[in-house]
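Student: I am attaching a structure below and will ask some questions about it afterwards.
The values are calculated or read from the model by the stated rules, or taken from the named source; none is laboratory data. Fair warning: this is a prediction, and the values are worked out from it, not measured in the lab. Quick reminder, even Gly has a Cβ in these numbers, built from the backbone with ideal geometry, and neighbours come from all protein chains shown.
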Amino acid sequence: MRVGIVGFGEAGSTIANGMRSAGIDRLLAFDINTHAPQFGPLIQARAAQSRTTLVASSAELARESDIVLSTVTSSAALEAAAETAPFLDAHHFYADLNSVSPALKQRIERVISASGARFVEAAVMAPVAPYGHRVPMLLGGDEIRRTQSGNNNAYNQDNPTSWFDWSLVDSNHEMLHFVQRLIAFRKAHPALRQRSFYTGASIGRGLPDITWHGTTLNSPGFSDPQARALACTIAGVGGTTDLHVMMNMFWEALEFEVPAGGTWRLAIDTSTRSRRDIADPGGESPLTGHRCRVPGRSIIVLARS
């Protein structure tokens, strides 16, 4: 497998290191700043550390790769796709890893699909520590929509891009409330605070610690590059609450199957208006039937005691 990375900043180099440790031995990267005086030395050092070959153009990257990952800044995601697309064909997979808007994702998909390549929608939202949950980390300001206008590398800018606008606490108080409730939810459920990552092993109640699904139970579709749905059942520890998480990355609603047994209650619904999206403990409404409709671009979490 040959993997090419467009943009070799912090995200790209971190992914390269992870792939290298996973046994992928053919890694390439193209970054327009490779020879820039300010950024070039760091890009080259990162490439040497991850044993990634820096190439001179998008054309060379596409010619030498089977899978292309775009890790440029969000503001450059569409431009990067447009520059790379002419050199792609039906044997390529192109994954855009930016957390851009749904409308922009669809524009990027159209550009890539026109080349005959297969588009994979994804987003790298935050680093995940290998082999464990550790402590979830948010960049200060994420909880109040401090976006830096899509610039994820603004450390060297002393201007409104990198300044912390405290008025966002008031203007985006609903997002702040949502993050606060998520933190409380995690604290309330031991299943989300294990010392090591799930393995699928039995926890002693005849249930594996995690079971992966798609819209159909036990069919996560990991080998389907067009899949835009994923679900999992996380077993409670020591008799605590089980959780069933359904994630719909598609822009239209999808019907998900729900495991039988007991009563599932609606704990989180990100499609619902603020302050009703996360239920108060004990105030979760019961789910009827064994299917659940998840609106587009939404996550629903069910709880079962």
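Student: Which one of these is closer than 25 Å to Met249 by Cα, outside any helix (DSSP H, G or I), modelled with pLDDT of 85 or more and of a type in the set (A, V, I, L, M, F, W, C): Phe119, Phe164, Phe178?
Tutor: Every option except Phe119 fails the conditions.
Student: If Thr215 satisfies all but one of (1) in the same structural domain as Met246 (by TED's automatic domain parsing); (2) among the polar types (S, T, N, Q); (3) surrounded by fewer than 14 Cβ atoms within 10 Å (Cβ to Cβ), what's the number of the condition it fails?
Tutor: All conditions are met except number (3).
Student: Still on this model: Considering each residue of region 56-97, count those that are in contact with a Ser or Thr (Cβ under 8 Å, 6 or more places away or on another chain), within 26 Å of Asp224 (Cβ to Cβ) and without any contact (Cβ under 8 Å) to a residue 40 or more places away in the chain, and give that number.
Tutor: 10
Student: State yes or no: is Ala82 surrounded by 21 or more Cβ atoms within 10 Å (Cβ to Cβ) and in contact with a helix residue (DSSP H, G or I) (Cβ under 9 Å, 6 or more places away or on another chain)?
Tutor: no
Student: Hey, can you tell me all the residues within region 44-75 that are under 24 Å from the mean Cα position of the chain (by Cα) and in a loop (DSSP other than H, G, I, E, B)?
Tutor: Those that are under 24 Å from the mean Cα position of the chain (by Cα) and in a loop (DSSP other than H, G, I, E, B): Thr52, Ser65, Asp66, Thr71, Val72, Thr73.
Student: Let me ask something else. Check off (1) closer than 29 Å to Thr161 by Cβ; (2) not in a loop (DSSP other than H, G, I, E, B) for Arg20 and give me the number that stays unchecked.
Tutor: The one condition Arg20 does not meet is (1).
Student: Would you confirm whether or not region 55-68 contains a residue that is of a type in the set (Val, Ile, Thr), within 9 Å of Phe8 (Cβ to Cβ) and touching a strand residue (DSSP E or B) at 6+ places or on another chain (Cβ under 7 Å)? Break it down stepwise before answering.
Tutor: Step one: of region 55-68, the residues of a type in the set (Val, Ile, Thr) are 55, 67-68.
Filter again for within 9 Å of Phe8 (Cβ to Cβ), leaving none.
The answer is no, given that none of the residues of region 55-68 is of a type in the set (Val, Ile, Thr), within 9 Å of Phe8 (Cβ to Cβ) and touching a strand residue (DSSP E or B) at 6+ places or on another chain (Cβ under 7 Å).
Student: Further question: Going through region 254-279 one residue at a time, which ones are of a type in the set (D, E, K, R) and either in contact with a Gly (Cβ under 7 Å, 6 or more places away or on another chain) or at pLDDT 90 or above (or both)? Break it down into steps so the answer makes sense when it comes.
Tutor: First, the residues of region 254-279 that are of a type in the set (D, E, K, R): 255, 257, 265, 269, 273, 275-277.
Once the filter is applied, which keeps residues that are of a type in the set (D, E, K, R) and either in contact with a Gly (Cβ under 7 Å, 6 or more places away or on another chain) or at pLDDT 90 or above (or both), region 254-279 yields Glu255, Glu257, Arg265, Asp269, Asp277.
Student: Evaluate the following for Leu78: is it in a helix (DSSP H, G or I) and closer than 18 Å to Asn152 by Cβ?
Tutor: Values: in a helix (DSSP H, G or I): yes; closer than 18 Å to Asn152 by Cβ: yes.
Criteria met by Leu78.
Student: Still on this structure, please answer the following. Which one of the conditions (1) farther than 21 Å from Thr71 by Cβ; (2) under 20 Å from the mean Cα position of the chain (by Cα) does Asn153 fail to meet, given that it meets all the rest?
Tutor: The number of the failed condition is (1).
Student: Sticking with this one: Find the residue count for region 215-239, including only residues that are more than 12 Å from Pro259 (Cβ to Cβ) and in contact with a strand residue (DSSP E or B) (Cβ under 7 Å, 6 or more places away or on another chain).
Tutor: Within region 215-239, residues that are more than 12 Å from Pro259 (Cβ to Cβ) and in contact with a strand residue (DSSP E or B) (Cβ under 7 Å, 6 or more places away or on another chain) number 8.
Student: While we're here: Any residue at all in region 102-111 that is in the same structural domain as Ala56 (by TED's automatic domain parsing), part of a loop (DSSP other than H, G, I, E, B) and without any contact (Cβ under 8 Å) to a residue 40 or more places away in the chain?
Tutor: The answer is no, given that none of the residues of region 102-111 is in the same structural domain as Ala56 (by TED's automatic domain parsing), part of a loop (DSSP other than H, G, I, E, B) and without any contact (Cβ under 8 Å) to a residue 40 or more places away in the chain.
Let's see how each residue does on (1) in contact with an Asp or Glu (Cβ under 7 Å, 6 or more places away or on another chain); (2) within 22 Å of Glu121 (Cα to Cα); (3) assigned by TED's automatic domain parsing to the domain that holds Ala117:
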position: Ser21; (1), (2), (3): no, no, yes
position: Asp25; (1), (2), (3): no, no, yes
position: Pro41; (1), (2), (3): no, no, yes
position: Ala48; (1), (2), (3): no, no, yes
position: Thr52; (1), (2), (3): no, no, yes
position: Asp66; (1), (2), (3): no, yes, yes
position: Leu69; (1), (2), (3): no, yes, yes
position: His92; (1), (2), (3): yes, yes, yes
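Student: Something else: Could you give every pair whose Cβ atoms fall below 6 Å, whose first residue belongs to region 135-149 and is farther than 26 Å from Ser196 by Cα and assigned to a helix (DSSP H, G or I), and whose second residue is at pLDDT below 85 and of a type in the set (Gly, Ala, Ser), counting only separations of at least 6 or pairs across chains?
Tutor: Here the result reads Gln148/Ala154, each pair linking region 135-149 to a residue that is at pLDDT below 85 and of a type in the set (Gly, Ala, Ser).
Student: Moving on. Out of Ile24, Ile43, Ile67, report the one residue that is of a type in the set (Val, Ile, Thr) and surrounded by fewer than 16 Cβ atoms within 10 Å (Cβ to Cβ).
Tutor: Ile24
Student: Suppose we filter Phe8, Phe87 for residues that are at pLDDT 95 or above and either of a type in the set (D, E, K, R) or touching a helix residue (DSSP H, G or I) at 6+ places or on another chain (Cβ under 6 Å) (or both); which single one remains?
Tutor: Phe87
Student: Same structure again: Is region 247-265 home to any residue that is surrounded by 12 or more Cβ atoms within 10 Å (Cβ to Cβ), in the same structural domain as Leu207 (by TED's automatic domain parsing) and of a type in the set (Ser, Thr, Tyr)?
Tutor: Yes, region 247-265 contains at least one residue that is surrounded by 12 or more Cβ atoms within 10 Å (Cβ to Cβ), in the same structural domain as Leu207 (by TED's automatic domain parsing) and of a type in the set (Ser, Thr, Tyr).
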